[in-house]
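Asker: Have a look at the structure that comes next, please.
The values are calculated or read from the model by the stated rules, or taken from the named source; none is laboratory data. As the structure is a prediction and not an experimental result, all values here were calculated from the model. Note that we place each Cβ from the backbone using ideal geometry, even for glycine, and neighbour counts take in every protein chain shown.
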Amino acid sequence: MLTRLRLISIFFSLTYLALIARLFYWQIYKGMELSAQARGQYQKESTIETSRGDILSSGSSWLAASGEAWMVYAALTDVTDSPKVIAEKLAPLFVEDPDDRNSVLAEIDRVYSLLTKDGVVWISLKSRVKSEVKKKIEEMGIKGIGFEFQEKRIYPEASSAAQLLGFVGKDKEGKDKGYFGLEGYYDVVLSGKPGFKAQEKDARGIPMLFGTNREVLAIKGANLQTHIDKFVQLTLDKELAEGIKKYGASGGVAVVMNPEDGSILGMSSFPSYDAVKYWDFGDELFTNPVISSSFEPGSVFKIIVMASALDAGVIEPDSKCDICSGPVKVDSYLIETWNQEYFPDSSMTDVIIHSDNVGMVYVARKVGSDALYDYVKSFGIGGLTSIDLQGEANPALREKGKWSGIDLATASFGQGVAVTPIQLITAASIIANKGVKVTPQVVDKIIGDNWEEDIKPVKGKRVISEKAANQITAMMVEAAKKGESKWTYLRGFKVAGKTGTAQIPIEGHYDNEKTIASFIGFAPYDDPEFIMLITLRQPTTSPWASETAAPLWYSIAKDFFDYYRIQPEN
Amino acid sequence: MTRRFKPITNRTLRFSLSKKVVCGILISLCFIVQIFFTIETSANGAQIANLEEEQERLSKENRELEEKLVTSTSLSDLEKRAEDLGFSNDARFYYLKKGEAFAKLP
């Protein structure tokens, strides 16, 4: 009897211990995991996605906007049709041209290989398909095929201003991120902030009112209203592309700015890319040459050197050049004019009209290397312009005190000095703006849901006196009327301009064949509406700016005269 | 012989009955209120779910309409359409000199 009692006691004790051990296993050891599983059943947590802000033109129409796209996926465990049938149904909808048999066959192979992949239960079949395609697939009623929302970027003007706008790609975590141009510079502003929602739901997925509900609202990305004028932008795109073709150039840039407040009205460059399919293009096309490519400006730089000399008071417009009767020797180099024509006792105005290199050496010597360095720096050369675009480059300027005689001489006619197009147009806008510097700006306003931030123009310091600015403007007017590009001058219109043909430095010497042709000008010269820079890289019909960049400048300017209602003088 | 009856105190009986009834009523009321609120919260939850669905549908519709609006305001497309329809830029411009009287009343 006692033994039986003992056995029963032992049995109960062991059962009790087993129970304790089992409870310990479920409550303590597995407790966290089970608790998380239970929470997962009744608590739904989700990210509230927010849309990226739009980029608008000055007239509030879209340059870039957010649209709807879908990722098509296959939940392989739910798929009932054969992979081959599904691939044949989907492939024609995934290709750009369903009539292109080869691309459809290639797409069938691709989709089939994805659907028959081993060891996966879920797979993405195609990203960024349009809503119409989604609708067609839904109508097919293929089991196991689903869709996930994806935001896409729409560019209503196609590849226009692609390098100015930048593009939206993915970061390391697979989230949308803006790269280059405005998309890159204003990425944080445009992106907004996704929200978060945690809700307790019942078995049917209906929210429980007395459950724990937490919500952090999403903040929509702000819109950017730019100074970009669609007419100006599309005119630049169209005419620059035609100009490059006409003059056989390998590329080119065109920038239009309001010299009074620095607002960028248009910016175009070729070769370019399509931001919708940026992955099909090489990385070298993503950078905007207007802000990131440097070149030796050539004769357009003469206006900066001449303006400096006029402001320093070392010359007057009618001062005579006493070394202009022939080539001038500097150190061991001989400086000649571009056409080997010489004009003894030229006035400074004539030096600009004839784009006389020897005359410019005379001017630079009058200013002196240290003073010229200070002026060039004040004009913004050798410093960032602070334009609100990602990827601005700043070519180095030779240090002060290290300019030799030949450095000073060559700098006077724009050789040995590297600039970016945006630096050049910003420097020239100082002349158009009566001597006061402005910062180039693309964005005018940042517009949020219930707020707006007006980006005011940034006026800089006075670089040259108003008198000097007027004097160099008058010289540029004469250069436009009587210089080597006079044949293309639009008679009657108030244009101040200067051509520049720069040789391209290659491996320590200048290539005689390859040039960069530029024309910079503003109109009307007494109260400018716009300043425009045209640069053509390696034109083949003629190496000279007067025969390539200048006629292109006037061809575009003619449209702007009509658009801005600029009347001829008489 | 006089029979003596123990007086019945109605008070005690009334009190004990009403207590049970009150308890019963209260418990029933609690049940009814609980059921009512359960149904009400469940219905409200369903309403919230419907509203969320409606919000999602409207957002989607809004996105689609905005996309249509964006693509239809393309200036380059408009220019192309105008060209296809036979429109062209008028190259003739007439400049009027300021100060000169024109369309002047007699």
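Asker: Suppose we filter region A:68-111 for residues that are assigned to a loop (DSSP other than H, G, I, E, B) and more than 25 Å from A:Asp176 (Cα to Cα); how many remain?
Answerer: First, pick out the residues of region A:68-111 that are assigned to a loop (DSSP other than H, G, I, E, B): A:76-82, A:95-100.
Still in the running and more than 25 Å from A:Asp176 (Cα to Cα): A:76-82, A:97-100.
Of the residues in that region, 11 qualify.
Asker: More than 13 Å from every other protein chain (Cβ to nearest Cβ) and of a type in the set (Ser, Thr, Tyr) - does that describe any residue in region A:234-245?
Answerer: Taking every residue of region A:234-245 in turn, none turns out to be more than 13 Å from every other protein chain (Cβ to nearest Cβ) and of a type in the set (Ser, Thr, Tyr).
Table: residues versus (1) modelled with pLDDT of 95 or more; (2) out of contact with any Leu (no Cβ under 7 Å at 6 or more places or on another chain); (3) surrounded by fewer than 16 Cβ atoms within 10 Å (Cβ to Cβ); (4) of a type outside the set (S, T, N, Q).
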| residue | (1), (2), (3), (4) |
| --- | --- |
| A:Phe270 | no, no, no, yes |
| A:Gly282 | no, yes, yes, yes |
| A:Leu285 | no, yes, no, yes |
| A:Gly298 | no, yes, no, yes |
| A:Glu316 | no, yes, yes, yes |
| A:Ser319 | no, yes, no, no |
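Asker: Considering only strands (runs of 3 or more DSSP E) fully contained in region A:140-194, which possess at least 3 residues that are of a type outside the set (Val, Ile, Thr) and under 15 Å from the mean Cα position of the chain (by Cα)? Break it down into steps so the answer makes sense when it comes.
Answerer: Numbers: elements: A:145-154, A:167-170, A:176-179.
Once the strands (runs of 3 or more DSSP E) in region A:140-194 are filtered for at least 3 residues that are of a type outside the set (Val, Ile, Thr) and under 15 Å from the mean Cα position of the chain (by Cα), what remains is A:176-179.
Asker: Taking only pairs six or more apart or across chains, which ones have beta-carbon atoms under 7 Å, a first residue in region A:143-168 that is within 12 Å of chain B (Cβ to nearest Cβ) and hydroxyl-bearing (Ser, Thr, Tyr), and a second residue that is in a loop (DSSP other than H, G, I, E, B) and surrounded by fewer than 16 Cβ atoms within 10 Å (Cβ to Cβ)?
Answerer: A:Ser159/A:Asp274
Asker: Now, a different point. Just to be sure before I move on: is A:Val442 buried (at least 24 other Cβ atoms within 10 Å of the Cβ), among the hydrophobic types (A, V, I, L, M, F, W, C) and farther than 21 Å from A:Ala307 by Cα in the structure I sent?
Answerer: Working: buried (at least 24 other Cβ atoms within 10 Å of the Cβ): yes; among the hydrophobic types (A, V, I, L, M, F, W, C): yes; farther than 21 Å from A:Ala307 by Cα: yes.
In short, yes.
Asker: Further question on the same structure: Of all residues in region B:67-82, which are more than 7 Å from chain A (Cβ to nearest Cβ) and not polar (S, T, N, Q)?
Answerer: The answer is B:Lys68, B:Leu69, B:Asp77, B:Leu78, B:Glu79, B:Lys80, B:Arg81, B:Ala82.
Asker: Looking only at residues in region A:519-555 that are more than 14 Å from every other protein chain (Cβ to nearest Cβ), over 16 Å from A:Glu296 (Cβ atoms) and among the hydroxyl-bearing types (Ser, Thr, Tyr), which one is surrounded by the most Cβ atoms within 10 Å (Cβ to Cβ)?
Answerer: Applying the filter and picking the extreme gives A:Thr548.
Asker: Could you list, in sequence order, the residues of region A:426-446 that are in contact with a Gly (Cβ under 6 Å, 6 or more places away or on another chain) and not in a helix (DSSP H, G or I)?
Answerer: Passing the criteria: A:Lys437, A:Val438, A:Thr439, A:Pro440, A:Gln441.
Asker: Name the one entry in A:Gly416, A:Gly435, A:Gly448, A:Gly405 that is within 26 Å of the chain's Cα centre (by Cα), of a type in the set (Gly, Ala, Ser) and surrounded by fewer than 23 Cβ atoms within 10 Å (Cβ to Cβ). Lay out the reasoning, then the answer.
Answerer: Details: A:Gly416 fails: within 26 Å of the chain's Cα centre (by Cα); A:Gly435 fails: within 26 Å of the chain's Cα centre (by Cα); A:Gly405 fails: within 26 Å of the chain's Cα centre (by Cα).
Every option except A:Gly448 fails the conditions.
Asker: Which of the following residues is over 23 Å from A:Val438 (Cα atoms) and within 14 Å of another protein chain (Cβ to nearest Cβ): A:Lys486, A:Lys558? Explain how you work it out, then say what you get.
Answerer: Details: A:Lys486 fails: within 14 Å of another protein chain (Cβ to nearest Cβ).
Answer to the check: A:Lys558.
Asker: Among the residues of region A:34-57 satisfying the criterion of being among the hydroxyl-bearing types (Ser, Thr, Tyr) and not in a strand (DSSP E or B), which is farthest from A:Lys201 (Cα to Cα)? Steps first, please.
Answerer: Applying the first criterion (among the hydroxyl-bearing types (Ser, Thr, Tyr)) to region A:34-57 yields A:35, A:42, A:46-47, A:50-51, A:57.
Restricting the remaining residues to those that are not in a strand (DSSP E or B) gives A:35, A:42, A:50-51, A:57.
Values: A:Ser35: 16, A:Tyr42: 5, A:Thr50: 23, A:Ser51: 26, A:Ser57: 45 Å.
Looking at residues that are among the hydroxyl-bearing types (Ser, Thr, Tyr) and not in a strand (DSSP E or B), I get A:Ser57.
Asker: Ok, one more. Just to be sure before I move on: is A:Ile142 β-branched (Val, Ile, Thr) and within 30 Å of A:Ile86 (Cα to Cα) in the structure I sent?
Answerer: Values: β-branched (Val, Ile, Thr): yes; within 30 Å of A:Ile86 (Cα to Cα): yes.
It is true that A:Ile142 is β-branched (Val, Ile, Thr) and within 30 Å of A:Ile86 (Cα to Cα).
Asker: Go through region A:58-67 and give me each residue that's more than 9 Å from every other protein chain (Cβ to nearest Cβ) and assigned to a loop (DSSP other than H, G, I, E, B).
Answerer: Those that are more than 9 Å from every other protein chain (Cβ to nearest Cβ) and assigned to a loop (DSSP other than H, G, I, E, B): A:Ser58, A:Gly59, A:Ser60.
Asker: I've got another one for you. For A:Arg537, only one of the following conditions fails: (1) of a type outside the set (Asp, Glu); (2) assigned by TED's automatic domain parsing to the domain that holds A:Val255; (3) out of contact with any Pro (no Cβ under 9 Å at 6 or more places or on another chain). What is its number?
Answerer: The number of the failed condition is (3).
Asker: Among the residues of region A:195-233, write down those that are more than 11 Å from every other protein chain (Cβ to nearest Cβ), within 37 Å of the chain's Cα centre (by Cα), surrounded by fewer than 21 Cβ atoms within 10 Å (Cβ to Cβ) and not in a strand (DSSP E or B).
Answerer: Residues satisfying the conditions are A:Leu217, A:Ala218, A:Lys220.
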